[in-house]
Amino acid sequence: MTTTITFSSVEELPTVARQLLETYPEERFYAFFGKMGAGKTTLIKELCARLGVEDNVCSPTFAIINEYSSGEGEPVYHFDFYRLKSLDEAYDLGYEEYFYSGCYCFSEWTEKIEPLLPEHYLRVAIDEVDAIRTLTAEVVDE
């Protein structure tokens, strides 16, 4: 199943986040793809808010991973692989422990670690043309 959502402002992102979580209630690994400034981090903030995260959600550009707590006390992992120089750095993080934890994982700059992705995940691509963003979500099951 592929879902396409079009939006033009950040004010619409709470609705987009709700739609994603309702459309894909069983998915836990969200792999985000999109250019810098496409809205990946802002959408992840909204997804976390819908999950009851009260922590300050921000891009883990330097830390590579942030861990938050959902409203139910479950971990929520937020990755930003922008600064990764090699897959070895992901191995050093112990990525498997996070990716296969069964907890929500939101991954930005996923193209840098594509060979390490789990066999099953939600691919979320955000494209922008003339200030209109199109989000395409689809389950990948290799």
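Summary of computed values
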| quantity | calculated |
| --- | --- |
| Condition met for E111 (touching a residue at least 40 places away in the same chain (Cβ under 8 Å), part of a helix (DSSP H, G or I) and loosely packed, with under 15 Cβ neighbours inside 10 Å) | yes |
| Single match in D92, D88, D127 (criterion: charged (D, E, K, R) and in a strand (DSSP E or B)) | D127 |
| Criterion violated by F106 - all others in (1) part of a helix (DSSP H, G or I); (2) modelled with pLDDT of 95 or more; (3) in contact with a helix residue (DSSP H, G or I) (Cβ under 6 Å, 6 or more places away or on another chain) satisfied | (1) |
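Yes or no, residue by residue, for (1) of a type in the set (K, R); (2) open to solvent by 50 Å² or more (accessible area, probe 1.4 Å); (3) outside any loop (DSSP other than H, G, I, E, B):
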| position | (1), (2), (3) |
| --- | --- |
| L43 | no, no, yes |
| C48 | no, no, yes |
| C58 | no, yes, no |
| H78 | no, no, yes |
| G102 | no, yes, no |
| L122 | no, no, yes |
| R133 | yes, no, yes |
| E138 | no, yes, yes |
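For every residue, the table says whether it meets (1) touching a helix residue (DSSP H, G or I) at 6+ places or on another chain (Cβ under 6 Å); (2) without any contact (Cβ under 8 Å) to a residue 40 or more places away in the chain; (3) more than 23 Å from V10 (Cβ to Cβ).
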{"site": "P25", "(1), (2), (3)": "no, yes, yes"}
{"site": "V53", "(1), (2), (3)": "no, yes, no"}
{"site": "T61", "(1), (2), (3)": "no, yes, no"}
{"site": "F99", "(1), (2), (3)": "no, no, yes"}
{"site": "G102", "(1), (2), (3)": "no, no, yes"}
{"site": "V129", "(1), (2), (3)": "no, yes, no"}
{"site": "R133", "(1), (2), (3)": "no, no, no"}
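The values are calculated or read from the model by the stated rules, or taken from the named source; none is laboratory data. Computed from a predicted structure; not experimentally measured. Neighbour counts are summed over all protein chains in view; Cβ atoms, including those assigned to glycine, are modelled from backbone coordinates with ideal geometry. SASA here: full protein model, heavy atoms, side chains in, ligands and nucleic acids out. Shrake-Rupley method; radii C 1.70, N 1.55, O 1.52, S 1.80 Å.
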